[in-house]
Amino acid sequence: MLLLALDTATPAVTVALHDGDDVIASSSQVDARRHGELLLPAIDRVLAEAGLRLDAVTGIVVGTGPGPYTGLRVGLMTADTFGLALGVPVHGVCTLDGLAYAADLEGPFVVATDARRKEVYWARYADSRTRLTGPAVDRPADIAGEVAGLPAVGAGALLYPDTFPQAHEPEHVSAAALARLAAERLAAGEELPAPRPLYLRRPDAQVPKNYKVVTPK
């Protein structure tokens, strides 16, 4: 097994390689505006660090969000393209599940990432491997009662301490955590789903109402 894992659903552009035993190379850079520019060089970098070629990859793991439309689609389109070119399966893993796995908490807790517009993408977990609710997108104040008293991880939790007073790192997902979670599930015989983007809301860019198409004569 050689899994190439990547995620662009948060400001982090993160890539990792997993050889079936553990992560053998990884890279993470935080820059919300340069996902498309940073992702392919990061893939080249982790392959070079591991001393491997892209054609050695036997499967792709990609974070499916939730996340902003523009950033999320960079990772999903790259994963699909590599999967088709290499003839290998592409597995989708919820980005919040990767954050929960990296948090490695025992009891109930919350994962929340920044959804902008003063909202968070969030989900509630029984433990680091078991999601109970979500993912959903809400204003922090609107879910205060549901998350009261629970530890929380992620940039969204750190951004709104009034709602998430027990917030701590990790702030962003890492592809290393996604790869370890996916490898664990595959080794247990679980069938991972094909990647389907969790946008949860419409993109910011919209066609204006009453837009008229002008056809040249």
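The values are calculated or read from the model by the stated rules, or taken from the named source; none is laboratory data. Everything numeric in this text was worked out from a predicted model, so none of it was measured. Ideal geometry is used to build each Cβ from the backbone, glycine not excepted, and the neighbour counts take in all protein chains shown. Surface accessibility is based on the protein's heavy atoms, side chains included, excluding ligands, DNA and RNA. Shrake-Rupley method; radii C 1.70, N 1.55, O 1.52, S 1.80 Å.
Some notes on this structure:
- Here the stretch 152-191 is scanned for amide nitrogen atoms under 18 Å from the site 7 Å beyond the Cα of Glu37 along Cα-to-Cβ, giving none.
- Overall form of the chain per C-alpha gyration tensor (a/c, 1.5; a/b vs b/c): oblate
- For the stretch 1-60, the Kirkwood hydrodynamic radius from C-alpha pairs, put into Stokes-Einstein at 10 °C and a viscosity of 1.306 mPa s, yields a diffusion coefficient of 138 µm² per second.
- The stretch 3-106: translational diffusion in µm²/s, Stokes-Einstein, Kirkwood Rh over Cα pairs, 37 °C, 0.692 mPa s: 241
- Accessible surface of the chain [probe 1.4 Å, protein heavy atoms]: carbon and sulfur percent: 51
- More than 17 angstrom apart: percent of Cα pairs within the stretch 94-166: 30
- For the chain, calculated [θ]222 nm from helices alone, where every DSSP H run of n ≥ 4 adds -39500 (n - 2.57): -9000 deg cm²/dmol
- Packing rank of 16-27, 163-174, 136-147, where each peptide gets the mean count of other beta carbons within 10 Å, highest leading: 163-174, 16-27, 136-147
- Think of a 1.4 Å ball rolled over the protein heavy atoms: the chain then has 51 Å² of accessible area per residue.
- Most simply put, the chain has about 70% antiparallel DSSP beta bridges, counting only bridges with both residues inside it.
- Dipole in debye (nearest 20) - the chain, about Cα centre, beta carbon charges: Lys, Arg +1; Asp, Glu -1: 1320
- Trypsin sites (Lys or Arg not before Pro) restricted to the stretch 134-205 and DSSP loop, no more than 16 other C-beta within 10 Å: Arg201
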